[in-house]
Amino acid sequence: MKIFLKQSRLYCLVALSTFCLAKTINISPSQDPYTEIQEALILASPGDIIHLSAGLYELEDSLSIDVNNIILEGDGINSTVLSFQNQLSGAQGLSVTSDNVILRDFAVENAKGDAIKVKGVDGISFIRIRTEWTNGPSSENGAYGLYPVESKNVLIDSCVAIGASDAGIYVGQSENIIVKNSIAEFNVAGIEIENSYYADVFNNYASNNTGGILVFDLPDIPQQGGHHIRVFNNKSVNNNTDNFAPEGNIVGEVPRGSGIIIQANSHVEIFNNDIGDNDTINIAVVTYGYDTEDENYYPHPRSIQIHGNRFGRSGYNPDLETGELAKILFELSDGNMPDIFWDGILPLPQIIFGQPKEDKIILGDNGDASFLTINALKYILPFFDPVETNYEKFSGEITPLPPVALSETL
Amino acid sequence: MKLYNSLILIAFAISALSITAEVNHSKILSEDVALKLSDYGFFNNLTKQIPADGVLPYDLNSALFSDYADKLRFVYVPEEGFAEYRPNKVFNFPVGSVLIKTFAYLNDSPESDLSTQLLETRLLIRRDEGWKNVSYIWNEEQTDAYKSIAGKTISTQFVNDYGGVQDVRYRVPNINQCKECHQSNETITPIGPKARNLNKDTSYADGTMNQLLKWHQQGWIKENISIKSMVDWSDINENLETRARSYLDINCGHCHIEGGSADTTGLYLNYAENREVHLGYFKKPIAAGRASNNLKYSIVPGKPDESILLYRMQSLDPGIMMPESGRALQHVEAVDLLRKWIHQL
């Protein structure tokens, strides 16, 4: 007994684990996988690992985690599959409401609603997780694949998100976010950062979505005024899947063939990305397009910096059917669609007296990228051509945003 | 024969004991919840749900819909206990209090061929550190109920209000799912027993009385709580607006409230909410996905069939339906009520 205790102490020392009694619970596919997995998730103690062996787990009810500091893991992104094909209850495949949970090496397929929703936590890691609707793009698919919301210290690393009818990877109303090394395909929005603060989105591959990467901010919800978002070293190419979002959802407005769209938000830096082969537009910077009575909401993008990106072709087959963006741009440009578009919409005093210097959009070196914006004052006045395509007028010195650092407790 | 007689005697002794059952206060406060419902001594007759001394039945003006299950509610407040009134919130029950709710299909109409089926009994136990939730699932024999962890699916039948037999896949929620509705700003809280929802008569062993008066008589709450009462949403003599808002409050307002599980949406359906956009009028959905059904707004005044809220109340698809859990059937009568309400907005 003494020896055993000594050994376990040694083990704890070696593992540098705060949770010396941490255990691993192994689960294999069985007759009633729901009860087995859900009981393990409820009875787990902080530090425990719940391990799902390779195989197909067919679940009729949604799973949930509400214990801090546990790990739910499988044997691989294609080996351990939680299938919700025959789901009868629950609005998600898996939901997480506790802090510092790690999800790794498994897949969630064909959830009736969202695949994995994480709400109101501090610390969540998705590592090598796949969320997929396996029948391809369809408005019958669930809204979000990876869906952390109202959370802090969010890490999404080496994940795959396919087929979501809203966004494959969606981070909403959160703070301190890293989305990296991930693949988003055949979603309406590949990766979407919405109403969030401090996000780094890098080394991702967004392809065959309707829009590759979106940075949005919406009114009338608890957290708004998204800011400090860096989007860099990503590939956002060939996002030419027709918009299949059910109407009513904001991404339903995104035209097919959008590389990156910034809507509202402040302090956004888009750099070193490869963006091309997008039917409508490579980068668009736009104002929130609806009336709102929300007094705390600022609908215009501010302090947007775009530099060092490499552009392939775009605008050669614009989607004039979806939303207003492509239609307006097509008319303004006479069909000569730019790589980068800013709608130029400002609050009235700024239209007249000019925009504060620190709010201005700044274009750095983007090779031979073309640019188009609208001069709002000329737009209001008669006899002026409001279209402005002079890139140099908007070029300036880049002030890099600081990188995101996740809390060390992860 | 002798053995048989003594068995009967023992059985008698046990039932005699159970008649004088007392609530087991130490069990309520012990760190580990009891493994079976009978351990607490809340009932003189468990199967018939006859409460022990000190345990009072209560009822709500408007109740949460749970697949047409009948609900038998009881409250236990320890001796000398006092529950502080808080406007728009549930009473602040003293430590040691327990809210007891048995879900059942009573099937008690005279023409019913089905017998009473007790499904589960949920407890909210007020501890030092806050409320603790636990549910007990009834055994087939209906003699006791046992602690649930991952919940249970009970596929059964019940007799509805129109005398028809209806199938239902009743889900006993798991412990985490309880929190979905009962969590407000990170802590577990009861939903029903707010003064505004308790202000009605109930029949007690010693006669019928207003619940708030009864609770005051027990010394549990102060006198003269002035409130705007909710109404019974099904009472056609009440005003339509109040009925609809009462229904939305008790069925939706625990999640759709600032600090609740659904606050990410900005749609707030609690009784006290009065900002039109947050009540859903011409409010665009945030994360509804296909649950929007190609509709643009949560509520379009005057147009129930263009309102996402009504669509989601009618759906049985887990990816669309509201509430997200606790419902496998459509609440036909409530859909009708809210249709009328939206129509006249």
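The values are calculated or read from the model by the stated rules, or taken from the named source; none is laboratory data. Please read all numbers here as calculations on a predicted model, not as lab measurements. Cβ placement follows ideal geometry from the backbone for every residue including glycine, while neighbour counts extend to all protein chains displayed.
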(request) Quick one: count up the residues across the stretch B:250-275 that are in contact with a Pro (Cβ under 8 Å, 6 or more places away or on another chain) and facing chain A (nearest Cβ under 10 Å). (result) 5
(message) Condition first: assigned to a loop (DSSP other than H, G, I, E, B) and either surrounded by fewer than 18 Cβ atoms within 10 Å (Cβ to Cβ) or more than 9 Å from chain A (Cβ to nearest Cβ) (or both). Now tell me which residues in the stretch B:294-322 satisfy that.
(response) B:N294, B:K296, B:S298, B:V300, B:P301, B:G302, B:K303, B:S315, B:L316, B:D317
(message) Condition first: assigned to a helix (DSSP H, G or I) and either within 10 Å of chain A (Cβ to nearest Cβ) or aliphatic (A, V, I, L, M) (or both). Now tell me which residues in the stretch B:323-345 satisfy that.
(response) B:V332, B:A334, B:V335, B:L337, B:L338, B:I342
(message) Could you go through the stretch B:96-115 and let me know if any residue there is surrounded by 18 or more Cβ atoms within 10 Å (Cβ to Cβ), within 14 Å of another protein chain (Cβ to nearest Cβ) and not in a loop (DSSP other than H, G, I, E, B).
(response) no
(message) Being without any contact (Cβ under 8 Å) to a residue 60 or more places away in the chain and within 12 Å of chain B (Cβ to nearest Cβ) is the requirement here; does A:Q173 meet it?
(response) yes
(message) Given the criteria loosely packed, with under 15 Cβ neighbours inside 10 Å and part of a helix (DSSP H, G or I), does B:E241 qualify?
(response) yes
(message) Based on this model, can you work out whether A:D66 counts as free of Cβ contacts under 8 Å to residues at least 40 places away in the same chain, within 11 Å of chain B (Cβ to nearest Cβ) and either closer than 20 Å to B:I175 by Cβ or more than 19 Å from the chain's Cα centre (by Cα) (or both)?
(response) yes
(message) Given the criterion surrounded by 15 or more Cβ atoms within 10 Å (Cβ to Cβ), at negative phi and not hydrophobic (A, V, I, L, M, F, W, C), identify the matching residue among A:S407, A:S395.
(response) A:S395
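A quick yes/no check of all residues on (1) surrounded by 22 or more Cβ atoms within 10 Å (Cβ to Cβ); (2) of a type in the set (A, V, I, L, M, F, W, C); (3) at pLDDT 95 or above; (4) touching an Asp or Glu at 6+ places or on another chain (Cβ under 8 Å):
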residue: A:E140; (1), (2), (3), (4): no, no, no, no
residue: A:Y147; (1), (2), (3), (4): yes, no, yes, yes
residue: A:S151; (1), (2), (3), (4): yes, no, yes, yes
residue: A:V154; (1), (2), (3), (4): yes, yes, yes, no
residue: A:F186; (1), (2), (3), (4): yes, yes, yes, no
residue: A:I191; (1), (2), (3), (4): yes, yes, yes, no
residue: A:Y198; (1), (2), (3), (4): yes, no, yes, yes
residue: A:F202; (1), (2), (3), (4): no, yes, yes, no
residue: A:T210; (1), (2), (3), (4): yes, no, yes, yes
(message) As an exercise: evaluate A:N243 against (1) buried (at least 23 other Cβ atoms within 10 Å of the Cβ); (2) closer than 24 Å to A:D99 by Cα; (3) over 14 Å from the mean Cα position of the chain (by Cα); (4) not aromatic (F, W, Y) and give the number of the one condition it does not meet.
(response) (2)
(request) Find the helices (runs of 4 or more DSSP H) located wholly in the stretch B:125-234 whose residues include 3 or more that are out of contact with any His (no Cβ under 8 Å at 6 or more places or on another chain) and either surrounded by fewer than 21 Cβ atoms within 10 Å (Cβ to Cβ) or within 14 Å of chain A (Cβ to nearest Cβ) (or both), and list them. (result) B:175-182, B:211-217
(message) So for the stretch A:230-240 (the condition being within 28 Å of A:T134 (Cβ to Cβ), of a type outside the set (S, T, Y), modelled with pLDDT of 95 or more and buried (at least 23 other Cβ atoms within 10 Å of the Cβ)), does at least one residue qualify?
(response) yes
(request) May I ask you to verify whether A:I193 is in contact with a Pro (Cβ under 9 Å, 6 or more places away or on another chain) and free of Cβ contacts under 8 Å to residues at least 60 places away in the same chain? (result) no
(request) For the stretch B:205-225, state whether one or more residues are hydroxyl-bearing (S, T, Y) and at pLDDT 95 or above. (result) yes
